[in-house]
Every structure is written in structure tokens, then in C-alpha cells.
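The values are calculated or read from the model by the stated rules, or taken from the named source; none is laboratory data. All of these numbers come straight from a predicted model, not from anything done at the bench. No Cβ is skipped: glycine too gets one built from the backbone with ideal geometry, and neighbour counts run over all protein chains shown.
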Protein chains: 2
Amino acid sequence: MTGTTASDGPDAPATAPARRRGRPPRTESAGTRDRILDAAREEFSIRGYEKTSVRGIAKSAGVDSALVHHYFGTKEQVFEAAVEVAFAPVLTERNTVLDGPLDEVGERMTRMIVGLWESPVTRAPLLAIVRSAVNNEIAAGVFRRLVAGQLLRRIAGQLDVPDAELRAELAAAQLVGIAMIRYVIKMEPLASADAEQIIGRVAPVVQRHLTER
Amino acid sequence: MTGTTASDGPDAPATAPARRRGRPPRTESAGTRDRILDAAREEFSIRGYEKTSVRGIAKSAGVDSALVHHYFGTKEQVFEAAVEVAFAPVLTERNTVLDGPLDEVGERMTRMIVGLWESPVTRAPLLAIVRSAVNNEIAAGVFRRLVAGQLLRRIAGQLDVPDAELRAELAAAQLVGIAMIRYVIKMEPLASADAEQIIGRVAPVVQRHLTER
């Protein structure tokens with residue numbers, strides 16, 4: 001829940017999440033920004049997009065609503081900044097998925113997504129985006145931009161197969177479905193299965209979607 | 001949206017959905033029951049479980065709230081009856097999945113799930129259950145009962161492999177993820193892809209999960 005707080009002080013690196021909007025400039029207020037983002041992730045992950053209000057986020061962060069608007073703009077922009085942290089590893093350390101032998105891309109992709117869900121830092125924003133995207137078109141649009149636009153298109157760009165984007169989405173579907181059943185709906189035995197066992201079974205399927213001719 | 005109305009009159013067969021609660025006895029009121037169920041599916045699919053009220057369902061069906069409670073009981077029971085229609089083909093015509101050669105079970109399962117989502121009769125209840133289950137523990141419980149309890153356990157029971165239930169859930173995860181990306185989040189190109197192309201790519205993966213040693 002405090003994903004960016006520990007490392008994300010005034011000297012935060014340029015790759016810190018939620019920097020994109022660029023306003024206001026990062027100064028001593030970074031702590032407040034992060035507190036707002038933590039509160040936003042918490043609220044969105046519990047309530048989903050529609051039932052979360054900027055006012056509720058502000059209250060939870062102990063600041064005035066006007067400050068939330070000042071830092072981030074609209075509720076949609078708060079949402080995007082809040083969930084972007086979940087995709088930061090994909091966007092900034094994407095080499096871990098895209099670099100390396102193509103015949104192991106399935107395992108790298110599976111390991112990355114399962115790793116994001118297993119991490120307490122990124123599970124809350126992922127829950128936020130899933131809970132929000134299924135019920136709200138604005139949140140669904142954010143999901144499409146981050147997942148399809150940022151992640152899947154890059155993976156598809158590496159593939160030398162027909163229908164590369166469709167294949168990347170079918171691979172992503174396997175991982176999205178596991179997230180749904182294991183972390184959201186919590187169906188047994190998948191919810192309690194060992195992560196490595198899941199990766200061992202799923203990575204070859206993801207690989208098959210991506211590269212098998 | 002009018003899934004059961006056409007065939008579900010006073011002479012409805014014993015396999016008609018939402019018969020389970022058994023109260024009150026099916027008489028000339030079957031038309032009213034179906035109107036309430038149609039309204040419930042519509043409301044749950046648009047609003048999700050939490051934001052749907054028995055009062056709203058009653059209003060949409062043109063009846064008094066007390067009548068909804070009389071026929072179905074609690075909101076959870078209305079929900080279960082409303083979404084059960086989506087699983088009726090699985091429960092009553094399950095032979096189409098479970099009967100037949102085991103080396104084609106992947107294709108039968110894939111075809112059944114994609115078929116349910118492609119059908120205008122069953123898409124609304126499926127949307128209702130997905131939108132509700134991700135945000136509400138009661139609805140998630142209904143999902144677990146219907147999908148894990150009714151469908152996956154039966155499929156797993158046919159498999160002569162270790163970890164049969166886990167495998168059935170990983171296969172289901174592939175199909176749940178496709179439903180999420182294609183029908184709920186509507187990500188392209190998967191949202192507009194030909195259903196047969198999807199079945200052709202996905203059935204072998206589902207088969208692999210279920211039976212490959």
C-alpha cells in the first residue's frame with residue numbers, strides 16, 4: 001500500500017510513477033503527492049472507480065479536495081496516476097520481459113504478471129484497475145491504454161508471427177483470467193496454489209500463444 | 001434479455017432456470033417471475049450487485065418490491081436466480097461438454113463458453129455476474145458456487161490427471177480472461193476478432209491444460 005513512499009522522496013528518480021502530468025513540479029511536496037496516491041489506490045481498490053470520490057481520497061489522505069485536484073486534475077487523472085504504479089515495472093523495466101531469448105518470453109511475461117499480483121505493493125492498484133474497469137468505461141479506457149497500448153503492443157512488436165497483437169491479447173487473457181480467479185474471485189484450489197506451480201503450468205501456454213506457428 | 005420468457009410459460013420444463021427456490025409454486029404467475037428475472041438481469045448487468053436494489057428491479061419490472069421478495073427472497077437470491085440462466089446450458093445440457101471424446105473436451109468447453117458470451121440471451125447475465133463478482137463478496141460466492149461447484153468440478157471429475165481441479169481452473173482462467181478482454185473491457189483486436197478464429201487458437205490451449213501430462 002505504501003509502494004512508492006519509501007523510495008519516492010524529493011530525490012525520487014525520473015522513473016517514479018505518477019510523474020507524467022508534470023504539475024506541479026516535484027519539490028518538497030512529494031510526500032503529500034505520495035500520500036494522496038496511496039489513499040487513492042486504497043480507495044479505488046476497495047470501492048472501484050465509480051464509488052470512489054476525490055473528496056473521499058482527500059479525506060483518507062488528510063488533505064483538502066482542492067489539493068487533490070491541484071496535483072492531479074480530474075478523478076480519471078487521479079485514477080491513472082494511482083494505477084500507473086502497477087505498470088511502472090512493465091514500462092520502466094520492460095527489458096526484463098522484452099529482452100532475452102524469444103523462446104522464453106512466455107515465462108518472462110508470466111513471471112512478471114504473477115509477480116505483480118503477488119507483491120503487496122502492486123496488488124492494490126491492480127485490484128483497483130480490475131474492479132474499476134469492469135464497471136466503468138473511463139476506467140476501462142485507462143486499462144486499455146496501459147495494458148494494450150503500453151505492454152501488449154510492445155510484446156507483439158517483437159513477434160514474427162501473423163496476428164501478433166491478437167496472440168498477445170490471448171496470452172494476456174490467460175494471465176488476466178488467473179488474476180481474476182486467484183486474486184479477485186479467490187476460487188480454490190487456484191487461490192492457494194503455489195505461485196511457482198502456476199508459473200510452471202501457464203508459461204508454456206503463454207509461450208505457445210506468442211510464438212507457436 | 002428475454003432469455004426464458006419465450007419458452008418459459010406455465011408449461012415450462014422442469015429444467016427451466018430459477019425454479020430451484022420452489023416458492024411460490026409455478027402457476028399463472030410464471031410471466032411475472034420471468035419479467036422480474038429479466039429486469040434483474042438487466043439491472044445487475046448494468047449496475048453490478050452492490051448498486052442494484054430490489055426496489056429498482058421491482059420498478060423496472062413494473063411490480064411491487066414485496067412481490068420480488070415474495071418470489072425470490074433476498075437480493076442475493078434474486079441475483080442467483082437471475083444469473084443461473086447463463087449456466088443453465090452447462091447444468092442441463094452438460095453432456096455437450098462432458099460427453100464425447102476426452103481429447104476434444106477442450107474444444108467443447110471453449111465452444112460452450114464463447115457461445116454463451118456470443119448469445120444475446122446469456123451475455124447479460126454473464127456481464128451481471130462478472131461486474132458483480134469482482135466488487136462484491138456475496139456475488140463472488142455465487143460465482144464460485146456456479147462455476148467451480150457446478151461446472152469445473154464436473155469437468156475435473158472426468159480427467160485422469162494429477163491436479164485435475166487446478167487444471168480445470170487454469171483452463172477456465174483462459175476463458176474468463178478472454179471474456180474480460182473481449183466482452184467486458186473490449187480491447188482490440190480481440191473484441192472484433194472472429195469467434196471461430198478465437199476458438200481455433202484457444203481450444204488447443206484449454207485441451208492442453210485439461211489433459212496433457
Residue in segment B:151-170 that is surrounded by the most Cβ atoms within 10 Å (Cβ to Cβ), counting only those that are more than 7 Å from chain A (Cβ to nearest Cβ) and aliphatic (A, V, I, L, M): B:A168
Unique residue being at pLDDT 95 or above, out of contact with any Leu (no Cβ under 6 Å at 6 or more places or on another chain) and surrounded by fewer than 18 Cβ atoms within 10 Å (Cβ to Cβ) when the list is A:A173, A:A203, A:A195: A:A195
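What residue, of A:D160, A:D103, is of a type in the set (D, E, K, R) and part of a loop (DSSP other than H, G, I, E, B)? Write out each step before concluding.
Details: A:D103 fails: part of a loop (DSSP other than H, G, I, E, B).
Testing whether each residue is of a type in the set (D, E, K, R) and part of a loop (DSSP other than H, G, I, E, B) leaves just A:D160.
Table: residues versus (1) within 23 Å of A:R47 (Cα to Cα); (2) surrounded by fewer than 18 Cβ atoms within 10 Å (Cβ to Cβ); (3) away from every other protein chain (no Cβ under 14 Å).
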{"site": "B:I46", "(1), (2), (3)": "yes, yes, no"}
{"site": "B:V54", "(1), (2), (3)": "yes, no, yes"}
{"site": "B:K59", "(1), (2), (3)": "no, yes, yes"}
{"site": "B:S65", "(1), (2), (3)": "no, yes, yes"}
{"site": "B:V68", "(1), (2), (3)": "no, no, yes"}
{"site": "B:Y71", "(1), (2), (3)": "no, no, yes"}
{"site": "B:K75", "(1), (2), (3)": "yes, no, yes"}
{"site": "B:E80", "(1), (2), (3)": "yes, no, yes"}
Output the residue which, of all residues in segment B:176-192 that are in contact with a Lys or Arg (Cβ under 9 Å, 6 or more places away or on another chain) and buried (at least 19 other Cβ atoms within 10 Å of the Cβ), is farthest from A:G149 (Cα to Cα). B:V184
Condition first: of a type in the set (S, T, Y) and within 11 Å of chain A (Cβ to nearest Cβ). Can you find one or more residues in segment B:121-129 that meet it? no
Does A:T96 satisfy the criteria of being modelled with pLDDT under 95, under 22 Å from A:R41 (Cβ atoms) and more than 10 Å from every other protein chain (Cβ to nearest Cβ)? no
How many of the residues making up segment A:172-186 are in contact (Cβ under 8 Å) with a residue 40 or more places away in the chain and outside any helix (DSSP H, G or I)? 0
Count of residues meeting criterion [within 7 Å of another protein chain (Cβ to nearest Cβ), without any contact (Cβ under 8 Å) to a residue 40 or more places away in the chain and in a helix (DSSP H, G or I)] in segment B:187-213: 2
Whether any residue in segment B:131-150 is assigned to a loop (DSSP other than H, G, I, E, B), within 23 Å of A:E169 (Cα to Cα), hydrophobic (A, V, I, L, M, F, W, C) and facing chain A (nearest Cβ under 10 Å) is what I want to check. yes
Kindly indicate whether A:V184 is within 29 Å of A:I46 (Cα to Cα) and under 13 Å from the mean Cα position of the chain (by Cα). no
